[in-house]
Amino acid sequence: MKYKGKGNIREHIMEMSHLASKLKALKLEISDDFLVHLVLLSLPAQFNQFKVSYNCQKDKWTLNELISFCVQEEERMKQETTESAHFASTSKGKGKRKRKEAATKGLVQKKQHLGNDQKKKESGPPKCFLCQEPSHLKPDCPKYHAWRVKKGIIRALVCFEVNLVSVPRNTWWIDSGATTHISVSMQGCLNYRKPNDVERYIYVGDGKHVEVKAIGTFRLLLDTGFYLDFQDTCIVPSFRRNLVSVSKLDKSGYYCSFGNGEFSLSLNSNVIGTGSLTYCDKLYMLDIVTSYNETLHVDSRGTERKLNNENSATIWHKRLGHISKMRIDRLVSDGVLSNLNFTDLKICVECIKGKQTKTKRLDATRSSDVLELIHTDTCGPFPSASWNGQQYFISFIDDYSRYGYLYLIHEKSQSLEVFKSFKLEVENQLNKKIKCVRSDRGGEYYGRYDGSGEQRPGPFAKFLEECGIVPQYTMPGWPSMNGVSERRNITLKDMVRSMISHSTLPEPLWGEALKTATYILNRVPTKAAVKTPYELWTGKKPCLTHLRIWGCPAEARPYRPNEKKLDSKTVSSYFIGYSERSRGYKFYDPATKSIFETGTATFFEDVEFGGRNKVRDIVFEEESISIPTVTFDNTQINVPVGEKVIQEPQQDNVIHSPVHNEQPQQPQLRRSTRERRSAIPSDFHVYLQENEEPDGMIENDPINFSQAMQSSNSQNWIDAMNEEYKSMQDNKVWDLVLLPEGTKPIGCKWIFKTKRDSKGNVERHKARLVAKGYTQKEGIDFKETFLQFQQKTLLG
């Protein structure tokens, strides 16, 4: 679509942008650069010069910039054809300007920007327009200067700006109509002085005059690496841009060239500066870096000119990509570079911008007493929830003692509630007050960000303020400022990973492992304190005799008020931690998948329960028929996995009623006897085992798998179990089927018996795997008994 002049240019561009949005909705997306190109193609011939200006640009415009520039171009074309943006004049009337042009018509131009000399014929010696003397012109007339001093008019002429656009104050603009350099501020001024009566005012194009505040010297660093000094520069705060006078540069011996939207400044055929035409206001802007106190002077009385010194360390520092001074010294010492002058090598702003790093963390100031400073941090969420569904944990660490508290939480919003409980406990126990709390700037501590992007204090911060506790927050992006908590989190997670990896317990028990790790860290030495955290916190030395390996198997005796006389007194379980409010241990029962606490237990820490040989793997691999290798006391056993053989006795190991099978009644009586003997303390069993040979005592048969593995005949029992398992496989005793819905599977257990001859000598060890039919209840698991048999006569 073409722009035919109906409406304004803004409406035309917005209509094309709307069409592009419709195409994008149809999955025909048009890039912004291509849309700008289409808009330029749709403009009529009146905008041809505008199109050429766009093609000369290095940077591409956005659609919004194109709209702004097109609107300005449209307004410019509506105005008069005469240039109204910038002009210079010394009078208000047109007649005076014509007379001035006639008076200066005979002057020969010293330099032309296009390089073409124009020779004009002179019809006699020129005369002064004011006094009619042939020896000089009006600008050099003594009477004219006396009149100007009397009126207080400065000799400088500058342009007057009509079109007002936003101009950066640190830019310098080339002005062919100004007779002096103009600066709008004192920034970058090397030295200055007050103006005299002749330099007091500057006349602008509309006939008005503006006041000059000072006369100074400015230094510019051009993008080519040259330095340029402007002396006798007028400082006029009422101006909107810094102006560079072309006529003053010309008098100083410089050559200015304009063309194709580019400006170049040359000295002795060397280009020392460049500029470019801006399309927002049609002015040339000088390409500079910043102002520096270096050498290259320009003034009306003569210019001291100095090009780059090849021995300058600053120049070579930039040529070599801003490398360090030490590396430049090596190049000089190796003979790659000649001796350089390092006196001009000062602080490089570009190096600071490109290489700035975080400042070195200062040494922390330690507290002198407990509760003076508490470090806290929230960690999570973890991939899997803990046993009770928590996915986060929050820690509180005392800076003086390094004693830590740890709480498992479901959400970060629980941080304040947990801190209140922690505060009440520690302040009551130590009879002291918390003074400072150090944390990061997380939302649970500092507060959330509102709609304006500002972080407002949250409930946690307000509670600290109410309690008179001084909060200490880290800087954004500086977690190392809360290094105590961050390091504690890393240590805890490393310990938990190692503990779970060494054990055979499910991953959701990471919460219990985390509490155990905190319990241990409070009782072991730390580099930050002379004594252990527990001793500094409580004043007592810690006792470590009760510590056990996390995740080790154990026979624990829980409190069961409904326990029957023939029930097993212990439960085969795993140690998972220490009781928080009691003197006892916490255990995990894999059979019931529950956690209980008790103070009576026997731990099997010497059992290799990690790595490839995991006893608990047998429990969960019910459908597998492979025979994994299990290690107990440096012995190996091939245990069947097709049935729940090993772990089921943890819940109930005693037969309450006889089973109707072909076995004699004597073994059941012996089992009843063995159950009664299990009530004897475990240390007495150890005593009997240690004194078996000297006293000639006979070891009783074990009543469960754990006792069989701890007995002196453990290898014999392992061989017996392998023999029983092989026999059952050969006879195809079982078939693997799916468990019907609503039914409960019947467990099984091992029966161990030592076969002896008439003299009491051991003949063999027998192990039998039997089903626990006594666990069935009439009316629930079965309704009638049935014995399948057939008479031999019926078979014939």
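We did not get these values from a lab; they are worked out from the coordinates using the rules stated. Model, not experiment: these values are computed from the prediction. With ideal geometry, Cβ positions are generated from the backbone for all residues, glycine too; neighbour counts draw on all protein chains shown.
Which length gain, in nm to one decimal place, applies between I347 and M1 when the Cα-Cα distance is subtracted from 0.36 nm times their residue separation?
Taking 0.36 nm per residue and subtracting the Cα distance, the gain is 118.9 nm.
Report the chymotrypsin sites (Phe, Trp or Tyr not before Pro) located in the stretch 14-50 that are in a DSSP loop and have at most 15 other Cβ atoms inside 10 Å of their Cβ, or state none.
none
Pop a pseudo-label 7 angstrom from the Cα along the beta-carbon direction at both L566 and D140 and give the gap in nm to one decimal.
Here the modelled spin labels are 13.8 nm apart.
Let's test the formula: R0 of 56 Å, r as the Cβ-Cβ distance of Q729 and E411. What FRET efficiency results, to the nearest 0.05?
In this case the efficiency is close to 0.60.
Given the peptides 748-761, 179-192, arrange them by the average over their residues of other C-beta atoms within 10 Å, most packed first.
Result, highest mean Cβ count within 10 Å first: 179-192, 748-761.
Return the long-range amide H neighbours of T526 (sequence gap of 5 or more, or a different chain), with a cut-off of under 5 Å between placed amide H atoms.
Residues meeting the amide H criterion: none.
If I take R0 = 30 Å and measure r between the Cβ atoms of N48 and R169 in this structure, what FRET efficiency does the formula 1/(1 + (r/R0)^6) give, to the nearest 0.05?
For R0 = 30 Å, the calculated efficiency reads 0.30.
Ordered by packing density, taken as the mean number of other Cβ atoms within 10 Å over each peptide's residues, highest first, how do 731-740, 232-241, 473-482 rank?
Taking the mean over residues of other Cβ atoms within 10 Å, the ranking is 232-241, 473-482, 731-740.
If amide H atoms are built 1.01 Å from N in the plane of the peptide, which residues on other chains or at least 5 residues away come under 5 Å of the amide H of V289?
L221, L222, D223
Between S247 and V336, what is the label-to-label distance in nm when each label sits 7 Å out along the Cα-to-Cβ direction?
In this crude label model, S247 to V336 measures out at 5.2 nm.
Is there a pair in K194/K248; K755/K777; K127/K251 whose C-alpha atoms are over 28 Å apart, and which pairs would that be?
Check vs 28 Å cut-off fails for K755/K777.
For the pair K540/K744, report the inter-label distance in nm, with labels modelled 7 Å from Cα in the Cβ direction.
4.4
For each of K515, K208, K432, count neighbouring Cβ atoms within 10 Å of the residue's Cβ, then give the residues from fewest to most.
K208, K432, K515
Using Cβ counts within 10 Å as a stand-in for footprinting exposure, how do E444, E605, E454 rank, fewest first?
E454, E605, E444
Would you pull out the residues with amide H under 5 Å of D377's amide H, same chain only if 5 or more places away, H placed 1.01 Å from N?
S395
Using Cβ contacts closer than 10 Å as the measure, can you line up V210, V39, V271 from fewest to most?
Lowest to highest Cβ neighbour count: V271, V210, V39.
Highest first, please rank the peptides 22-29, 311-318 by the mean number of other Cβ atoms sitting within 10 Å of their residues.
311-318, 22-29
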